[in-house]
Every structure is written in structure tokens, then in C-alpha cells.
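Presented below is the structure to which this report refers.
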2 protein chains.
Amino acid sequence: MVEVEAFHTDSHPVHPVGSLHQVLAALQDPARLEMVRRLRNAGAPLQCSALYDGINKSTATHHFKILREAGLLERLVLGGLTHQRLRAEEVDEALPGLLASVVEGANREAAR
Amino acid sequence: MVEVEAFHTDSHPVHPVGSLHQVLAALQDPARLEMVRRLRNAGAPLQCSALYDGINKSTATHHFKILREAGLLERLVLGGLTHQRLRAEEVDEALPGLLASVVEGANREAAR
């Protein structure tokens with residue numbers, strides 16, 4: 001119950017899915033691609049800290065911002081903790097097949 | 001006959017399809033995305049000059065190089081004229097669905 005009530009975006013605005021150029025520019029960075037890959041594979045919002053390794057928090061925050069501005073992510077507070085949600089349905093509607101093919105490729109590279 | 005004989009790459013090497021990061025970085029530039037879009041839609045090699053508007057030849061050459069290095073394009077000489085070929089089969093094999101979804105999105109934006 002508490003979780004459901006908290007499942008709202010806070011003051012960070014939710015952006016519409018950007019242009020194809022903006023979405024590709026957001027995805028082409030390896031750290032951001034990894035964030036999107038983890039969220040897509042999880043199929044649920046994840047805490048920020050679960051989305052990266054080897055970069056510091058302020059760098060991660062910068063990457064989250066770029067992904068949010070491209071309309072790929074949404075920031076949520078769940079149980080008092082900041083999470084990121086992949087806007088998979090919205091992106092799939094705007095750019096059918098793109099997330100699936102990108103994450104499939106990223107998963108294959110991660111498995112090597 | 002002459003055309004078939006000339007259908008060989010010249011001294012410019014053909015690169016294997018790059019990492020997902022490299023391919024996305026190549027595609028995220030609007031001028032390069034447009035080159036790929038035109039080639040995919042044509043379904044055949046095209047002369048370089050048919051692949052861009054509004055940029056000069058040396059800028060276009062720079063973009064062709066980045067696309068070639070990512071394994072997306074191949075340079076061919078056909079009838080004495082330089083053409084670019086989209087390596088669609090090779091890219092589709094390495095990253096299934098990516099080109100289709102990217103070009104579909106680019107076509108929709110171009111139609112607006």
C-alpha cells in the first residue's frame with residue numbers, strides 16, 4: 001500500500017520519447033546502454049545503484065539525466081528509495097523493435 | 001560485364017561489423033543516419049553524392065569513413081564511379097532487427 005502510493009514521479013519531469021537521433025545518442029554510450037540493458041532484463045524499476053558499476057554516483061546521475069531527457073527512463077520513488085523505470089512501452093510505441101534489438105545485442109556482448 | 005568486373009572493393013578495407021556501441025555511435029549522427037536510410041530504402045549501392053544534402057564533400061567523406069569503420073558501409077567502384085553499399089546482411093546477422101527498426105524510425109521522421 002505504501003509502495004503503491006509512493007509509486008509516483010517526483011519533481012523530475014517525464015519527457016516524451018525523443019527523436020530517433022536523441023534516442024540513439026542516449027543509447028550509444030556504454031554506461032547508459034548497460035543501464036537500459038539491466039532495466040529491460042529486469043522488467044521492473046530498479047534502484048539506481050543496481051544499474052552501474054565502475055562509475056561514480058555523479059557520473060551515473062549525469063547518465064540518468066540524458067536517458068530521462070531522451071524519454072527512455074523515468075525516475076520513481078518507491079518505499080522512499082529512488083528507482084529508475086525503463087519506459088519500454090512508450091519507446092516501443094515510438095520506435096518499434098529498437099529496444100528489443102539493442103538489448104538483444106547488448107546481452108550477447110555481455111555474455112561473451 | 002564491365003560493371004560486374006568493377007564490382008570489387010578497392011584499397012579501402014572492409015571492416016567487420018563493430019560493437020553495438022560503435023554501431024549506435026555511427027548511426028546516432030543525423031547525417032550518417034540519413035545515408036544509411038537512403039541506402040536501406042534503395043536496397044542497392046548508391047553513388048556517394050546521392051546520400052547527402054546540405055553538407056560538403058569532405059564532411060560526407062568523414063561520415064562515410066565512420067560508417068565504414070563500424071562495418072555498416074562498404075566502398076565500391078561501379079562503372080568507374082565510387083558507390084557505397086550498405087552491408088545489410090552482415091549487420092542483420094550481427095545485430096538482428098537493428099537496421100530495420102532504426103530505418104523504420106528514420107523513414108517515419110523523414111515523412112513528417
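What follows is calculated from the coordinates using simple rules that are stated; it is not laboratory data. All figures in this text were calculated on a predicted structure; none of them were measured in a lab. Neighbour counts are summed over all protein chains in view; Cβ atoms, including those assigned to glycine, are modelled from backbone coordinates with ideal geometry.
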Ranked from fewest to most other Cβ atoms within 10 Å of their own Cβ, A:Val102, B:Val77, B:Val17 fall in the order B:Val77, B:Val17, A:Val102
How far is helix B:30-42 tilted, in degrees, relative to the longest principal axis of the Cα atoms in chain B, given as a value from 0 to 90 rounded to the nearest 10? 70 degrees
Mean projection of the alpha-carbon convex hull of chain A over all orientations, in nm²? 7.0 nm²
Residue order, fewest to most surrounding Cβ atoms within 10 angstrom, among A:Lys65, A:Lys57: A:Lys57, A:Lys65
Largest first and to the nearest Å, give the Cα extent of the protein assembly as shown along each principal axis. 75, 40, 26
Taking the label point 7 Å from Cα along the Cα-Cβ vector, the copy-to-copy distances for B:Cys48, listed from shortest in nm with one decimal, are 4.7
Which lysines have a Cα lying under 27 Å from the Cα of A:Lys65, excluding residues fewer than 8 positions away in the same chain? A:Lys57
For the stretch A:57-112, compute Rg over Rh where Rg is the Cα radius of gyration and Rh is the Kirkwood radius from the inverse mean 1/r over Cα pairs. 1.03
Amide H of B:Val77 versus every other amide H placed in the peptide plane: which residues, excluding those fewer than 5 positions away on the same chain, fall under 5 Å? B:His8, B:Asp10, B:His83
Least to most buried among A:His21, B:His62, by other C-beta atoms within 10 Å and fewest first, runs B:His62, A:His21
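For peptide A:17-23, how many partner chain Cβ atoms fall within 10 Å of a residue's Cβ, on average?
Numbers: counts 0, 0, 4, 15, 9, 1, 4.
Mean partner-chain Cβ count within 10 Å for A:17-23: 5.
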With axes computed from alpha carbons, what is the tilt in degrees of helix A:57-69 against the longest principal axis of chain A, rounded to the nearest 10 within 0 to 90? 80 degrees
Determine the sum of side-chain charges near A:Leu51: Lys and Arg each +1, Asp and Glu each -1, restricted to other residues whose C-beta is under 10 angstrom from that of A:Leu51. +1
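A:His62: net charge of surrounding residues, Cβ under 15 Å, Lys/Arg +1, Asp/Glu -1, itself excluded? Mind dumping the intermediate values first?
Details: positive: A:Arg32, A:Lys57, A:Lys65, A:Arg68, A:Arg75; negative: A:Asp29, A:Glu34, A:Glu69.
For residues surrounding A:His62, the net value is +2.
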